[in-house]
Every structure is written in C-alpha cells, then in structure tokens.
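Asks: Just dropping this structure here.
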Amino acid sequence: MTHFDSLNFVYQLVIARLDLVVVLWALIALILSLAVLHWLWGLAWNTRWGLFTRPGLAAFGIVAALVIGGSALFWLGAGRVGTWLQLQAATLPKQIASDPALRYDIFVTAQQQLGLPSGAADNEMALRNRHDLETLIQTAASLVRCPLTRSGPLGPGAPCQMRNPDEVVRETLQAVPAGAFPLTVTDDNPWVAYAVTTQVQAALSDATSKLTVGAAELRAVLAALFWIAIGLQVIIVPIVAVSDIRVHPQV
C-alpha cells in the first residue's frame, strides 16, 4: 500500500467522520505554531517583533503552521486506524452475515444450482445429502464479495482478499457438523452464517495487515514533516528577528 492509499484511508476515517477531538488537537498545534514559534520566539530575540513584522516571514509562518496542523491531524488519525479496524472486526462480520438481502441471494442461488424446489413459504430448502450442503456453503462463500461496504474506508478501492470457497467449505463442515440427511434449512442457518463470517473476517484480516503497515509508514512521513516545520521556524525566526534589529535599529 502506498502513502497515497494510506492518506486516502485516513482522510475518510478522520475528515469524512469529522472526529472533533482530532480536529481540535490539530487546531491547537496550528495556533501554538503561530503564537509560540513565530511570535513569542521572535519576541525573545527582538522586543519589537510582531506576527506581521516581516510579511514574507509571516507568510512562511502561516504555511508552516498549516503544515504542522495538517501533519498533526493526519498523524493522530493514522494512529486510530488500528482501533477502528478492531471495531470493524468485532461488528462487521455479524452485520454482513445477518444481512437479509445477502442471505436471500445465497438461498435462491443455491436452490437454482441444486435444482431444488422451494418450501411452502419460499424460505425452506431440503438438502438431500452432504453434496447439497457443500453447495450451499460454497455459494455463501462465493457471494461474499469485495468491497465489503458500499462506501467509506472499506468501500471501493480498499484492500480486500477473500479465501478460496473450497477451503471455507471444509472449515465450515468441521466447525458446524451436519446432522442426518435429508436436512431442511432456511436462509438463516449456521452453515451460511459461518461461511459468510469466515470470508468477511479473512477480508478484514487482509485489509488490517495492509492498512496498518500503510498507516505506520504515513505516520513516519507526517512526523518528519511536523518536526521539519518546527525546526525551520526555530532556526529562521531568530535570524530574521535579529536582522530586523540591524535594519531598523532603535533610536
């Protein structure tokens, strides 16, 4: 994952969700940059120093403050990527597995593949043997597709990798053994729920590994920008403040 991919993820996570705490910290960093590094630091070297004593340096100070504030904003946001992904891992698999539209799609597709008649309420299916159950599970594993969500950080463009449906079939049958056949099931059954949950968890695990690494790389770049902007202010402001005394000496 590139830095631009990570930046896009953090943008959606922080800006689109308007995390007030992160935004406030970024504003504090911006204000402190102007007040402390530009004004008070210059005042320590030149008692007649002001925010706009030198228009050119004032413009530089504003740009540096924006860099510091923006770096702080995305640095803090990138630090929350792991926590946000953990929350998704705890809630999204169950949410997708309980989606009525997906369950119905799986149910109808499996019926069509097996050539089985529907029940009286169009919500029952008689599985004749283990092969029918495997087909149902494989259908469930195949119909969980990327992206996991229609929008947001896990929407289009997000990293997403599913497991092989055949592997999911074997794991599901081991975790949820079948009883005697024939077996009558509805669209809400433990085999479909387990297969869907397994696929979503696999996709989230893949996304977590890539996004966590990308976010860590992004934090390193932003930290460097943050300290470079501070360092330039610490060096340049006293130089200009002292030179202003020579150009405009007190009488």
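The values are calculated or read from the model by the stated rules, or taken from the named source; none is laboratory data. Predicted model, so just to flag it, every value in this text is computed and none were measured. Cβ: placed from backbone, ideal geometry, glycine included. Neighbour counts: every protein chain shown. The protein model used for the area step is the full one, side chains on, heavy atoms only, and it has no ligands, DNA or RNA in it. Shrake-Rupley method; radii C 1.70, N 1.55, O 1.52, S 1.80 Å.
Asks: Calculate what fraction, in whole %, of the accessible area of segment 136-232 sits on carbon and sulfur atoms when a 1.4 Å probe is rolled over the protein chains.
Replies: Percent of accessible area from carbon and sulfur atoms in segment 136-232: 58.
Asks: Would you work out which of 165, 34, 227 lies farthest towards the positive end of the dipole of the chain? Charges go on Cβ: Lys and Arg +1, Asp and Glu -1.
Replies: 34
Asks: How much area per residue is accessible in the chain when the probe is 1.4 Å and only protein heavy atoms are counted (Å²)?
Replies: Spelled out: the 1.4 Å probe surface of the chain, per residue, equals 54 Å².
Asks: Put +1 on the Cβ of every Lys and Arg and -1 on every Asp and Glu Cβ in segment 131-251; which of 148, 211, 200 then has its Cα farthest towards the positive end of the dipole?
Replies: 211
Asks: Jot down the per residue volume, in cubic angstrom and as a whole number, of the convex hull over the alpha-carbon atoms of segment 11-117.
Replies: 126
Asks: Report, as a whole number in µm² per second, the diffusion coefficient that Stokes-Einstein gives for segment 166-251 at 37 °C and 0.692 mPa s using the Kirkwood radius over alpha carbon pairs.
Replies: Rounded to a whole number, D works out at 172 µm²/s.
Asks: Taking only Cα atoms, what is the 0 to 90° angle, nearest 10, from helix 100-114's long axis to the longest principal axis of the chain?
Replies: The angle comes out at about 40 degrees.
Asks: How many times 2.2 N^0.38 Å is the alpha carbon radius of gyration of the chain?
Replies: Compactness ratio reported: 1.60.
Asks: Can you tell me the 0 to 90 degree angle between the C-alpha axis of helix 165-175 and the longest principal axis of the chain, rounded to 10?
Replies: Value to nearest ten degrees: 70.
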